[in-house]
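The next block holds one structure in the form of structure tokens; read it before the comments.
The values are calculated or read from the model by the stated rules, or taken from the named source; none is laboratory data. What you are looking at is a predicted structure, and each value in this text was computed from that prediction instead of being measured. With ideal geometry, Cβ positions are generated from the backbone for all residues, glycine too; neighbour counts draw on all protein chains shown. We work out accessible area using only protein heavy atoms, side chains counted, and drop any ligands, DNA or RNA first. Shrake-Rupley method; radii C 1.70, N 1.55, O 1.52, S 1.80 Å.
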2 protein chains.
Amino acid sequence: MSDDQQKLARYAKALGHPVRVYVMQLLGQQSCCYSGDLSEELPIAKSTLSQHLKELKDAGLIQGEIEAPRIKYCVNKENWSEAQELFKTFFKI
Amino acid sequence: MSDDQQKLARYAKALGHPVRVYVMQLLGQQSCCYSGDLSEELPIAKSTLSQHLKELKDAGLIQGEIEAPRIKYCVNKENWSEAQELFKTFFKI
DNA sequence: TTCGTTGTTCGCAAAAATACGAACAATTTT
DNA sequence: AAAATTGTTCGTATTTTTGCGAACAACGAA
């Protein structure tokens, strides 16, 4: 069980929920977003959304920047690239 | 939250554990494998491994074929291709 | 038919994920 | 300073995941 397999599993796990996939896909289209934007579109409680964002942050896929009184979320490009590479290799693309 | 996002999340979830990534990666190199082969290489109980294989089977990523007294596991090519496409699009490769 | 091999299923336990509302904190607006 | 906005954290409950050993089932071999 290699290090890359561990990392891939970690990223996959973070993407293992529809809400989190949705968020990442949105951040692919528009570079940033705010929790409030998401909250309007998604049928979940704010606290639940916050937890999903935390999961993505903990996995390293996104990062938050304070822009008072809001928080601007963006893709963590470095880790996103890593995930991209890992999945690319995994699927032998 | 689209259907594709649901599917992607489902596949990602199935790949969200190192053991399961390991199994899929092995099946990428050699077309098939037996539970016994994996059991020797992985530091987990047979019953635990069996559960992980069931997860991959339930997600549609692998399929088992009886080859008494063993079970031959292979990649489910159709679903694997689907997953491949979904991730490809997701990562904009 | 009895034994051995292979792998699943069962029963259990502990940990993690999911989800919600209420309370809280930080900052801006009034 | 008071009120409004934004989003996190807390407390709680439910469900799912992970893991093990023991028991079981299916089949081939002796």
Checklist line | Those helices (runs of 4 or more DSSP H) lying entirely in the stretch B:1-82 with at least 2 residues within 11 Å of DNA strand C (Cβ to nearest atom) and at pLDDT 95 or above | finding: B:3-14, B:46-58
Next item on the list: Test B:Lys72 against the stated conditions and say whether it is closer than 19 Å to A:Lys13 by Cα, away from chain A (no Cβ under 14 Å), more than 10 Å from DNA strand D (Cβ to nearest atom) and open to solvent by 30 Å² or more (accessible area, probe 1.4 Å).
Entry: no
Next item on the list: Could you tell me whether A:Ile44 is within 15 Å of DNA strand D (Cβ to nearest atom), open to solvent by 20 Å² or more (accessible area, probe 1.4 Å) and in contact with an Asp or Glu (Cβ under 9 Å, 6 or more places away or on another chain)?
Entry: no
Notebook entry, point to check: Which of the residues belonging to the stretch B:61-77 are touching a residue at least 40 places away in the same chain (Cβ under 8 Å) and either touching a Phe, Trp or Tyr at 6+ places or on another chain (Cβ under 8 Å) or of a type in the set (Gly, Ala, Ser) (or both)?
Noted result: B:Leu61, B:Lys72, B:Tyr73
Notebook entry, point to check: If you go through the stretch B:56-66 one residue at a time, do you hit one that is of a type in the set (Asp, Glu) and surrounded by fewer than 17 Cβ atoms within 10 Å (Cβ to Cβ)?
Noted result: yes
Check: Going through the stretch B:58-67 one residue at a time, which ones are out of contact with any strand residue (DSSP E or B) (no Cβ under 7 Å at 6 or more places or on another chain) and either more than 14 Å from every other protein chain (Cβ to nearest Cβ) or within 7 Å of DNA strand D (Cβ to nearest atom) (or both)?
Finding: B:Gly60, B:Ile66, B:Glu67
Note to self: Suppose we keep only residues that are open to solvent by 70 Å² or more (accessible area, probe 1.4 Å) and acidic (Asp, Glu) within the stretch A:75-93. Which one would you say is nearest to the chain's Cα centre (by Cα)?
What the structure shows: A:Glu78
Check: How many of the residues in the stretch B:24-57 are in contact (Cβ under 8 Å) with a residue 40 or more places away in the chain and either hydrophobic (A, V, I, L, M, F, W, C) or within 11 Å of chain A (Cβ to nearest Cβ) (or both)?
Finding: 6
Check: Hey, B:Gln29 hits all of (1) buried (at least 17 other Cβ atoms within 10 Å of the Cβ); (2) more than 14 Å from DNA strand D (Cβ to nearest atom) but one; which does it fall short on?
Finding: (1)
Margin query: Which of the numbered conditions does A:Val23 fail, given that it passes all the others? Conditions: (1) more than 10 Å from DNA strand D (Cβ to nearest atom); (2) surrounded by fewer than 19 Cβ atoms within 10 Å (Cβ to Cβ).
Written below: (2)
